[in-house]
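Inspection log for the structure reproduced underneath, given as structure tokens.
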């Protein structure tokens, strides 16, 4: 008796279709690739701003003693970034102007499905974190609270001081959880680790408005209160001074040698100075890239202190 291969076909819903179609194994593979790519696109634009600096930070702030922890900390961080970004991108329409390649404005996923994904990811993040430690779960839950305050409760549209404070708290939760996962003992951090988290959160709270220069068009359309929109050109000078101030301050706190301190401060001066010298949206995107390089270097300074000052 000849088998009918159609018997083994499975019906699935294609993201871009309003009807069901028979699906073979190659079709199923294409669908999986499509959805994985959609998840990637939710987080793609934040790799330089979040994944790289916080991963580096966790490795040196823990400090990490086993390279086997790297895949764990990277996955924990990415999964929580995905949770935050699905919340952020379902709560605001700014992406239609600022980032049209993201899944929602690109039509890769419906708003309804994205909202379901957003609320499904939150408890999954808690369970994932609990697999490492209760403390990692508490960091995950704190991040969930700050995420809801920022997105669903419209903290992102509140007074700019409250918005930037929430940014700092959110980054602190990201960093606390990632740093705990980076350690062999995932239940505690030492005083230097907590100081590093506090300083990093403060840096983000006081300089993260660097990203608002590149997003000024979308922010103005939704009447978001940002430092660039409120203060205009003087905010560029304020950013430069803030980056220079943090460069000097961090060099002193982490006891950086004079040559490295001068180099780090020069990097900050260049990154901040670009915002003053170049004022087009396209150049602001380029300047934001250099700002993130400076942030990444700032995040490895606790490692310098552990390596050279506590040996």
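With respect to the chain, whose longest principal axis is taken over its alpha-carbon atoms, helix 234-253 is tilted by about 70°. Under a plain spin-label model, where a point goes 7 Å from the Cα along Cα-to-Cβ, how far apart in nm are residue 119 and residue 187? Result for the modelled spin labels: 3.6 nm. Taking every C-alpha pair closer than 8 Å and separated by at least 6 residues, the mean separation divided by the residue count of the range 46-206 gives a relative contact order of 33 percent. Out of these labelled values of Cα Rg over 2.2 N^0.38 Å, (1) 1.27; (2) 1.45; (3) 1.11, which was calculated from the coordinates shown here? Of the labelled values, this structure produces (3).
Taking other C-beta atoms within 10 angstrom as a stand-in for reagent exposure, 56, 180, 104 fall in the order 56, 104, 180, fewest first. Per-residue Cβ neighbour counts within 10 Å put 48, 122 in the sequence 48, 122, beginning with the fewest.
Can you give the log10 of the normalised intensity I(q)/I(0) at q = 0.09, 0.18, 0.19, 0.21 Å⁻¹, computed with Debye over equal Cα scatterers of the range 46-206? Per q value, in the given order, log10 I(q)/I(0) is -0.29, -1.11, -1.21, -1.39. Full extension of the chain segment joining residue 148 with residue 221 gains 24.1 nm, where the gain is 0.36 nm per residue of separation less the Cα-Cα distance. In summary, the convex hull built on the alpha carbon positions of the range 231-311 has an orientation-averaged projected area of 5.1 nm².
Using a cutoff of 8 angstrom between alpha carbon atoms and counting only pairs six or more residues apart, the relative contact order for the chain works out to 20 percent.
Quick note: the coordinates plus some simple rules give every number you see, no bench work behind them. Everything numeric in this text was worked out from a predicted model, so none of it was measured. For neighbour counting, all protein chains shown are included, and Cβ atoms are generated from backbone atoms with ideal geometry for every residue, glycine included.
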